[in-house]
Amino acid sequence: MFAERTGYIIWVSDVKAARNLEKYGSVHYISKRLQYVVMYMDAHRAEDTIKNIRRLPYVRKIERSFRNEIKTEYSKSQDKTNFYGM
């Protein structure tokens, strides 16, 4: 139904120029103080897109987000409220 998406954190040297990253994917957040951009793009085209983004003069570093690999299903095997005395 939905395409598989991958998140990337892109560290930039110029925040105004970072607005041009919207043509490569969905820009989720731009931090002006720490100068990074959080963006999502299609997973099957991510490698080619990252190669193009690395060539931009204002990009310093690119990190892949592992948010979709974090376990989000929890089991109720142990009740911790009894352990802490509540």
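A few notes on this one:
- Working ranking of peptides 5-13, 40-48 by packing, defined as the average number of other Cβ atoms within 10 Å per residue, highest first, is 5-13, 40-48.
- From the coordinates of this entry, Cα extents along the principal axes in Å is computed, and it appears in [x] 40, 24, 18; [y] 56, 35, 18; [z] 39, 27, 25 under the label [y].
- Whole-number accessible area per residue in Å² for the chain, which is evaluated in the context of all protein chains at 1.4 Å: 83
- Computed from point charges on the beta carbon alone (+1 for Lys and Arg, -1 for Asp and Glu), the dipole magnitude for the chain about its Cα centre is near 420 Debye.
- Percent accessible area from carbon and sulfur atoms, the chain, protein chains only, probe 1.4 Å: 49
- Solvent-accessible surface (1.4 Å probe) assigned to residue 37 amounts to roughly 0 Å².
- Based on DSSP H segments of at least four residues, each scored -39500 (n - 2.57), the chain has a per-residue ellipticity at 222 nm of -4500 deg cm²/dmol.
- Sorted peptide list for 16-26, 57-67, criterion being average Cβ within 10 angstrom, highest first: 16-26, 57-67
The values are calculated or read from the model by the stated rules, or taken from the named source; none is laboratory data. The shown structure was predicted, so the numbers you read here are calculated from the model rather than taken from an experiment. FYI the Cβ positions are ideal-geometry reconstructions off the backbone, even for glycines, and counts take in every protein chain you see. We work out accessible area using only protein heavy atoms, side chains counted, and drop any ligands, DNA or RNA first. Shrake-Rupley method; radii C 1.70, N 1.55, O 1.52, S 1.80 Å.
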